[in-house]
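The values are calculated or read from the model by the stated rules, or taken from the named source; none is laboratory data. For clarity, every value in this text was computed on a predicted model and none was experimentally measured. Cβ placement follows ideal geometry from the backbone for every residue including glycine, while neighbour counts extend to all protein chains displayed.
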Amino acid sequence: MKLRIGYELVYKFPQPTPIILVVNVHETRVPDLIEEDRLSADPSIEISSYQDGFGNRCTRLLAPEGVLRLSADGVIQDSGLPDEISAEAWQDDVPDLPEEHLVFLLGSRYCETDLLSNTAWQLFSGIAPGYPRAKAICDYVHNHLSFNYGNARSTRSAAQSYEERWGVCRDFAHLAIAFCRCMNMPARYCTGYLSDIGTPLPYPPGDFAAWMEVWIGGRWHMFDPRNNVPRIGRVLMARGRDASDVAIATTFGPNMLESFRVWTEEIVENKAN
């Protein structure tokens, strides 16, 4: 299956402003690209790239004063299969965890393990460790929070989501990540494209999606507490401790986002009779 993926971001800047972007397909999916998701800027400006400490492909640029349009349009090959379920995955004891994964046990900007630890142990300590516990956390978060795009805010943390019971996909991911870490399972935040293939109409406006990966069974496993069902057409862009590590755009100065579009669409090829 082929997917057309891309975005268009239109900003207005009152002065020249540095930006860091995390908008490229993740290095692990680059071999699947048929048409590269190359960033284009209008007006044309100098663009440089680097890899951050989490292995994400990042872009730096200096936005000029005025309106700046940033866009990309690529094509990627996808398996067309739904997300994998690994019900037999066990939970590693903390002393046995790889050292590079220990950071994903710690509290972070949006995932306050200190505030949620007692709640997590009350809710999930009686559930078998490993996949059953991670799935129970996703089920709980999925049912505890109500999705409300109009109620979104960039400062909402996991503990606040738990109390307020509202959120968007990043809030679902942050709360589930925090609960997993409280239960000694390394968990990391993921962002990327997610198609609507196989879901009922009407489709919502395109957007980037957030989910998480949990270290169980000796490797990372994907979980999506927002949707909480296997989905088709998931394309990873970046991973980090939480959304602060993988913000789509980090701007170092005042600005206004005037337009935002994201697309993840199946390319249906006509076959000759």
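Determine, yes or no, whether Leu21 is within 22 Å of the chain's Cα centre (by Cα) and assigned by TED's automatic domain parsing to the domain that holds Asn255. Give the steps one after another, and end with the answer.
Values: within 22 Å of the chain's Cα centre (by Cα): yes; assigned by TED's automatic domain parsing to the domain that holds Asn255: yes.
Criteria met by Leu21.
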Q: Taking the options Arg239, Arg261, Arg226, name whichever one is farther than 29 Å from Leu68 by Cβ and either buried (at least 20 other Cβ atoms within 10 Å of the Cβ) or not β-branched (Val, Ile, Thr) (or both).
A: Arg226
**Q.** So Arg188, is it among the basic types (Lys, Arg), in the same structural domain as Ser117 (by TED's automatic domain parsing), under 25 Å from Leu33 (Cα atoms) and touching a Lys or Arg at 6+ places or on another chain (Cβ under 6 Å)
**A.** yes
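Checking the conditions here, which among Glu164, Glu112 is more than 23 Å from Asp83 (Cα to Cα), surrounded by fewer than 18 Cβ atoms within 10 Å (Cβ to Cβ) and acidic (Asp, Glu)? First the steps, then the outcome.
Working: Glu112 fails: surrounded by fewer than 18 Cβ atoms within 10 Å (Cβ to Cβ).
The conditions single out Glu164.
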**Q.** Single residue of Gln51, Gln91, Gln77, Gln122 found to be polar (S, T, N, Q), under 18 Å from the mean Cα position of the chain (by Cα) and closer than 28 Å to Val214 by Cβ
**A.** Gln51
(Q) So Gly6 passes all but one of these: (1) crowded, with 19+ Cβ neighbours inside 10 Å; (2) not in a strand (DSSP E or B). Which condition number does it fail? (A) (2)
Q) Across the stretch 211-220, which residue is farthest from Arg188 (Cα to Cα) among those that are crowded, with 20+ Cβ neighbours inside 10 Å and touching a residue at least 60 places away in the same chain (Cβ under 8 Å)? A) Ile216
Q) Across the stretch 235-273, which residue is farthest from Leu39 (Cα to Cα) among those that are small (Gly, Ala, Ser) and over 18 Å from the mean Cα position of the chain (by Cα)? A) Ala272
Q) Which numbered condition trips up Ser117, out of (1) farther than 24 Å from Ala238 by Cβ; (2) assigned by TED's automatic domain parsing to the domain that holds Ile20; (3) among the small types (Gly, Ala, Ser)? A) (2)
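Specify which of the listed residues (Arg29, Arg4, Arg60, Arg38) is in contact (Cβ under 8 Å) with a residue 40 or more places away in the chain, over 21 Å from Arg239 (Cβ atoms) and not hydrophobic (A, V, I, L, M, F, W, C).
Values: Arg29 fails: over 21 Å from Arg239 (Cβ atoms); Arg60 fails: over 21 Å from Arg239 (Cβ atoms); Arg38 fails: in contact (Cβ under 8 Å) with a residue 40 or more places away in the chain.
It is Arg4.
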Q.
For a quick check of your reading of the model, give me the residue pairs whose first member lies in the stretch 139-156 and is assigned by TED's automatic domain parsing to the domain that holds Pro225 and within 14 Å of Leu123 (Cβ to Cβ), whose second is surrounded by 11 or more Cβ atoms within 10 Å (Cβ to Cβ) and among the aliphatic types (A, V, I, L, M), with beta-carbon atoms closer than 6 Å and at least 6 apart or on different chains.
A. Val141/Leu175; Val141/Ala176
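Select from the stretch 52-95 the residues that are among the acidic types (Asp, Glu) and farther than 23 Å from Leu33 by Cα and list them in ascending order.
Glu65, Glu88, Asp92, Asp93
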